[in-house]
C-alpha cells in the first residue's frame, strides 16, 4: 500500500504549481485553470484523509466542492466573455477599473 | 515494489508533468488539454484511494463539462496566446521564490513533523461506493444538497445575465 502522506505530498506539489500559475501567468483563462488545479489538489487531500479516518464526510465534501467549482467556472467564464466584449482584450494587466 | 506503488509513482510523475505543462504552455488550448490529462490522473488516484463515485464524477464533471466549457471560451475569444507583457519585472522571480517556500513548508510538515503518520488502513468493502454515498447524501446532508441545486441555478442565471445582450444595445 502507498502511504497516505505521499498522496498529500503530491497534492501539495500540485497546489504549489497552481498557486505559481495564478501568480505568473497573465492570461485570465490560464489563471482560472490554475485555480481549478488548486481545488483539485484540495479534493485529493480530502479523499486521502477520508481513507485514513474511515468516515464518508470527506467524499461528500469533495462532491460539494465539485459543484461549487462548476458554478464558479460558469460565472467566471461569463465574466471573461463580458469583459472581452467591452474591452476587446483579456490581459489581466489591463483590467484595472471596475467600470468598463 | 508492489504494483500499486509503481502505478502511484508513474501517475504522480504524469500528474506533475501535466500540471507543469499546463503552466508553461504558450498556447491556452494546449494548457486546457494538459489539464484534462491531469484531471484524469487525479481520478485514477481517487480510485486507488477507494472513492469510485468521486472518481467518476471527476471524469464527467471536471474533465468533461468544465474543460469543454474552457475550450469553448478559449476558441470563442481567440485567446490562444496573448503577447507577453511584463509590467512588473520582479513579479516572476518573487512568485517562484514564494512558491518554493510554500512547497518547502508542506514538505517540512509532512516529512519532518510527520503530521499524518504511516500506512493506509484497509477500508471496508463498500466504502465510498455510490450506494453508501447516496444514502448519506440524501439523508444526513439533504439540506446542503438542495442548497447546491439553488447555487447551480443562481450560477446559470448569472452566466446568462452577464453575457446577455439587451435589445437596444449596440
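Rounded, prolate or oblate: which fits the range A:1-52 when a ≥ b ≥ c are the square roots of the eigenvalues of the alpha-carbon gyration tensor, with rounded for a/c under 1.5 and prolate only if a/b beats b/c?
prolate
Name the shape class, rounded, prolate or oblate, that the alpha-carbon gyration tensor gives for the range A:53-97, where a ≥ b ≥ c are the square roots of its eigenvalues, rounded holds for a/c under 1.5, and otherwise prolate holds if a/b is larger than b/c and oblate otherwise.
Because a/c hits 1.5 or more and a/b exceeds b/c, the range A:53-97 counts as prolate.
Taking the Cα centroid of the range B:8-73 and of the range A:48-76, what is the distance between the two, rounded to the nearest whole Å?
16
What's the average, rounded to a whole number, of partner chain beta-carbon atoms within 10 Å of each residue's beta-carbon in B:149-159?
Average per residue, whole number: 4.
What is the mean number of Cβ atoms from other protein chains located within 10 Å of the Cβ atom of each residue in peptide A:50-58, rounded to a whole number? Intermediate values should be presented prior to the final figure.
Numbers: counts 7, 11, 8, 1, 7, 2, 10, 3, 4.
Per-residue shielding by partner chains comes out at 6.
Only Cα pairs under 8 Å and at least 6 apart count here; give the relative contact order of chain A as a rounded whole percent.
Here the relative contact order equals 26 percent.
Taking the beta-carbon count within 10 Å as an exposure proxy, list B:146, A:94, B:80 from fewest neighbours to most.
B:146, A:94, B:80
Which of the peptides A:33-42, B:59-68, B:155-164, B:17-26 is most tightly packed, and how do the rest follow, judged by the mean count of other Cβ atoms within 10 Å per residue?
Most protected by this proxy first, the peptides run A:33-42, B:17-26, B:59-68, B:155-164.
Starting at 0 and stepping by 10 Å, how many percent of the alpha carbon pairs of the protein assembly as shown end up in each bin?
Going out from 0 Å in 10 Å bins, the protein assembly as shown shows 6, 27, 33, 23, 9, 2, 0 percent.
Is there a simple number for the mean count of other chain Cβ atoms within 10 Å of the Cβ of residues in B:132-141, and what is it?
3
State whether chain B is rounded, prolate or oblate according to the following rule on the C-alpha gyration tensor (a ≥ b ≥ c being the square roots of its eigenvalues): a/c under 1.5 gives rounded; otherwise a/b larger than b/c gives prolate, and the remaining case gives oblate.
Note, shape of chain B comes out oblate.
Please state the relative contact order of chain B as a whole percent: Cα pairs under 8 Å, 6+ residues apart?
18
Since every read-out is calculated from the coordinates, none of them should be taken as a lab result. Only a predicted model underlies this, so the values are computations on that prediction, with no experimental measurement involved. No Cβ is skipped: glycine too gets one built from the backbone with ideal geometry, and neighbour counts run over all protein chains shown.
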